[in-house]
1. Please check the range C:63-77 for residues whose accessible area, probe 1.4 Å, is lower by 30 Å² or more when all protein chains are in place than in their chain alone.
2. Run the numbers on chain A and let me know its relative contact order in percent, using alpha-carbon pairs under 8 Å that are six or more apart.
3. With the crude spin-label approximation of a point 7 Å out along Cα→Cβ, what separation in nm comes out for D:S48 versus D:I23?
4. Using a Gaussian network model of chain A whose springs link C-alpha atoms within less than 10 Å, name the residue from A:T130, A:T21, A:T115 with the highest mean-square fluctuation.
5. Suppose a student asked you for the relative contact order of chain C, using Cα pairs under 8 Å spaced at least 6 residues apart; what percent would you report?
6. At 1.4 Å probe size, put D:I183, A:I62 in order of accessible surface, largest to smallest.
7. Only four residue types carry charge here, +1 at the Cβ of Lys and Arg and -1 at the Cβ of Asp and Glu. Report the dipole size of the protein assembly as shown about the Cα centre in Debye, rounded to the nearest 20.
8. Give me the summed buried accessible area for the D-B pair, 1.4 Å probe, to the nearest 100 Å².
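The values are calculated or read from the model by the stated rules, or taken from the named source; none is laboratory data. These numbers come from a predicted model, not from an experiment. Positions of Cβ are backbone-derived with ideal geometry, glycine not excepted, and every protein chain shown enters the neighbour counts. Note: accessible area is taken over every heavy atom of the protein model, side chains too, but ligands, DNA and RNA are not part of it. Shrake-Rupley method; radii C 1.70, N 1.55, O 1.52, S 1.80 Å.
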Amino acid sequence: MGDSVFFYAFAALAILGALGTVLFRSAVHCSLALMTSLLGVAGLYLMQGAEFLFAVQIVLYIGGIMVLFLFVIMLVNLDQAAKLKQFNGQTPLAVLAILGTGAAFYAFLAKGVATLPAPASATVMTGGNTENVADLLFTSYLLPFEVASVLLLVAVVGSVLMAGKGGTR
Amino acid sequence: MVNLIWLIPLIPLGGAAVLLLLGRMLPKSLIKVVAPGTIFAAFLLSLGAVMESGGKPHEVVLYEWLPKVDWGFLLDPLSSVMILIITGIGFLIHVYATGYMDHEGGYYRFFGYLNLFVFFMLILVLANNYVLLFAGWEGVGLASYLLIGFYFNKKSAGDAAKKAFLFNRVGDAGFILGMFCVAALTHGSLAFRDLHGLTAGPLLTAAAALLFLGATGKSAQLPLFVWLPDAMEGPTPVSALIHAATMVTAGVYMVARSSAIYSLAPEVSAAISCIGATTAIMAATIAMVQTDIKRVLAYSTVSQLGFMFMAAGVGAYWVAVFHLMTHAFFKALLFLGAGSVIHGLHGEQDMLKMGGLRSEMPITFWTMAIAALAIAGVPGMAGFFSKDEILFYAYLNFKSVFAVGLITAALTAFYMWRLMFLTFFGEKRTLVHAHESPLVMTAPLIVLALGCGGCSYYAAQLERWLEPVLHSNHSPDIGLKHVLMAASVFAAFTGILLARYFHASTGPLGPLTKLAQHKWYLDDIYDFVFVRGLGMRGGEYLGSFDRRILDGGINGAGLVTRFVSRASIWADTWIVDGLVRIAGFSAMFASLPARIVQTGFVQSYALVIVAAIAAALGLFWVK
Amino acid sequence: MITINHYLAVSATLLLIGTLGVLTRRNIVVILMSIELILNAVNVNLIAFSKYHNQVTGQVFAIFVIAVAVAEAAVGLGVLIALFRNKGSVQADEVDLLKW
Amino acid sequence: MITYSATDHFILLPALLLGMFGIAVLLLDFLFPKDIKGRGWLVGIAISGLVFAGWQLWEQHRYLAEHGMTPLTGFNGALVLDNFAIFFNGIVLVSAALVMLISYRYLENEHEHHAEYYALVLFATFGAFFIITGVDMVTIFIGLETMAVSFYVLVGFLRGDKRSNEAAMKYLLLGGFSTGLLIYGFSIFYGLTGSTTLIALASVVPARGPHDPLLYLGIVTTLAGLLFKIGAAPFHMWAPDTYEGAPTTVTAFLAVASKTASFALLLRVLAVGLSGARPQWEPLLTGAAVLSLTIGNLAAITQSNVKRMLAYSSIAHAGYLLLGVVAGNDTGLIGVAIYLLTYAFMTIGAFLVLVALRRKGAAVETIDDLAALSRRYPSYALLMLVFLLSLAGIPPTAGFIGKYYIFLALVESGKYGLAILGALYVAVSLYYYFRLVRSMFFVESTEAQVLAPSNGVRLALAITGMATVAMGVLPEPFIRMAAASLGR
């Protein structure tokens, strides 16, 4: 019972936040709404026993990325942008397409979940969640972990290069 | 020597490479030696190889190119005839061109392309499989494209090149498809040696028809023949080599080479005969009223190619090849003679402004007269035997084709002698002082004239020579043959006599003349259907579509200006020639829907992605 | 009882809302945020399946997705700044030099 | 327990070298004062990184050959070293090396000469390694993103150029979106199997039958992401804009490396993971192939910008490649492999000519810029002619071989309709490639001086030109390579 309440609360937070992100006029508001949505998602992680990921989401995502977003919003000075039309010309068409796609998605999921393999027996995993994640990360997924470091290096180099002053022609 | 046949195409290729890459640095005198020299070397090698092979098919496989497809050359009687024509006549034309092109710019490029052409042509005829043949096929197309457009600063030359290119693409599509049908029939092998033992069936019929579509493009048959007369914009030696003696006969060669397929597809063969006959008579009537000396010869070429297909269609492949050979001699000679006349008159091509050149250009006159007798079918000359054989086989197999052929033969004699009378006889109608061409140009004329007279006597030998590859069906009916021969001689002399008296008149036949003058309205029909109809109307629609729908949209203004500027460029570029215009228009018409979705607006791209996903998901429920 | 269905539904909803943002918002910053939403939707999926299979593989996968999201956001914002510097605008439908 | 075995090391080594050299380029650039003129030595370092990686790849090939071609697996089944991986990695490495050769002078001209460029090219190659070698979805995903993010930056490398900015932005937004779709598909595959490896996926697929909704949803979203990467319609729309706006060297690299790696991935996913679900993805691929051929070829007809035209033509090439997959027999797959190999050389070659002709002040981009090339630079005109003939698929150039195999495969598997369509579009493509030829050979032009090409450009042109001819005339060893890469 308690589970459901929390689930619905977090889900509502995530979805409403997402809607806010998409619908708000000012980019600053959008980013705050996104933060809310990410918090909601973090809550969902917690409910599924992913404590480590919950922490990552809060600290890294909300703490890090959102600051970056806000920073850029300040930098590119979106005051004017907020006064402009926020939705482009194809919005009705896009809504239609998304309604269609969404209906298909829900239909597929509803039909499909029943066909999932039987859930694994609920034996409790030994060790804490963080420990288990770390175990897996440094054994089976050691390689992607290392590759990800290069990915982040690329991102750093790239963003610095792009945001830096370049010759204007 | 017969094992060295791979060298035959390689020598001209070397020449082309030297000329095109280093040509700018070479002195003209050296180019004059190199270009004909390579072809002559190839000719000697061919001669040696053919003599050594003695008519036995000989295949030189260099290596396995693609699985089941060798890179190999096949020297059999058929390709022997072809390589001797190409290198022999090619050599003479090269020699002639050193004189003819003496005062033109880009000398080295011209000869580079010409050598390149000979290389591809040799690949085409020596290939032992369809893929290699296709390589040569496309190569000669490319080289001829470069050569037609050689006078690129002449706009009509550029348009002609475009037109030739477009019509050949239609043929190419047919050829590629036909090739893969053959691959399906032979389980992946495209070698000619595997064509025997096929069985008839719908796929084989399709292969035959598609390959023939390829041939109609290359050999200028209905409905794709309109490009050849325009191709006369190229330099005259090019017309002689490519658009008379060699490339345009590639279609005939290919059909003969595929005789194993065609003999199993009687419907297609019949169609080939009919198309050949129709093309022959149509082109002949058009040739009767042309005033440009080269255009007469161009339509005549189309007509003669029609004769060859007539023969191929009734199963007389060796006769087709025979006529191909004799035609190569007399038509090359006629073109070179015409070139000599044009050269002598400093670029004049209108026959109405010639006349009385007999005394001023005696060698040109006499050699051309021999060729004109040959093409008219006067006994003792090259064309006589080959044309008679065609008519004979047509009579045996397909009476109506025979009737058309006989009429065409008379028309041929008429238009050819009309040309002769207008050019060399009567009053001189120009003030230009004509002069005989230099020796480098007249010498090839003389050699070719000897060939015209000489090669005709070897019909029986040729038949026997070609027998191993192109099974001929002998007919013992000598009596019938003589009757038909008399008929055709009668037709020939009638034509010449009529030409004697009517060459100056615009024609007694009134409406028919008009029809012929307008090239049977073929260009106009294309123009009317596609350009006036679709073009103008379509342009209006496009315009209004643009204004109404896109103007309101995101980028209307940009599109409108773009469209207007494009339309004016388009009009400038394409209006001159209806057919090329159609191509441009249909290209634009086809291209527009594909481009218009590319709005430059990134989110519409994402929308397309989402829509595609929705469609893909929807497919699940449809199934 | 909350089952995996619920999580998948939330995930699909987030995905669709994110897509809506990508398709309709003119402001490129917001489009980038919408892409973050899509990646989060995937993460919800992964976590739910991870729980369902009673393992942590999905969680590890999700960490990588976050890393990718970070990288994309950083580079995206960098490119955005370069674009803004040259064009003075961050409206997606004004970026249309390249077309047809 | 963290383990790192000798096998792991052996498999990883090429990528390790690429990554290390990439970092070295960055560090050396940082350590040495900026006023050292030229910095050509950075290119040298970057190329030597590629050479070392290539050498390791060769060693790997030799090892496999000595051990009966049994694939090696490493990192708990995350990587598989087989001939397939070596073949496609080789293509990507070669294309990266060719791009390096031509980049130096190009960047100097653009006044955007930075060490980051070379590092990013190496990192993109590094990412491609994991796309091609990986059989674990996490590894693949991270590799894919490493490559993609590198490309986002490379496309926008001319920071002062609005068109470069725009191209990068468009590529990034759509790329990010399509990544989301791809990974959504992966998450569903994970849900179906409880594992992230493609092998696990392969083991559950047969039991799920042809009407499994979840599997289908996963296939559709995954394919959307993958078809986006290879630039197949209707997910192609980023390609023309990005190709046109990106620096020409990057366009060449993007057109070859990204497409090759992504196609290798597509083959892996379909042939390893989803081979049991053929009835579900085949119609989708067929549709994408037909659309790609149609849109690519038709839109290319009237383009006046050469880069954009080549972009559309590369969409059409994606269509031919997909037809090879659709044909579904060995011939078709070998055709795909050989097609990609030849495609690398001819495409880079065509872009190279554009780079080589680049003038001061203005790029050579429109068809008119190539006017009268045959008289100004006959050797360039001839080379371009060879590349264009090859792109059109005319024998005996390299481009013919791939098309030949693919058509043959279609005929063999009885898909005549698709074969006819493909052949017709070959004729159409001749039309627009020859527009360029016409311009090069027939049109008069206002003479404009080009910069003397650097030795790097000359070398790269020689390599691509010779390869394009050699593969066409002597395809046999290359065909054997392609066949071996598929274990045939």
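1. C:I63, C:F64, C:I66, C:A67, C:V68, C:V70, C:A71, C:E72, C:A74, C:V75, C:L77
2. Relative contact order here is 17 percent.
3. About 1.8 nm separates the two model spin labels.
4. A:T115
5. Reported relative contact order: 29 percent.
6. Putting D:I183, A:I62 in descending order of accessible area: A:I62, D:I183.
7. I would put it at about 2240 debye.
8. 5800
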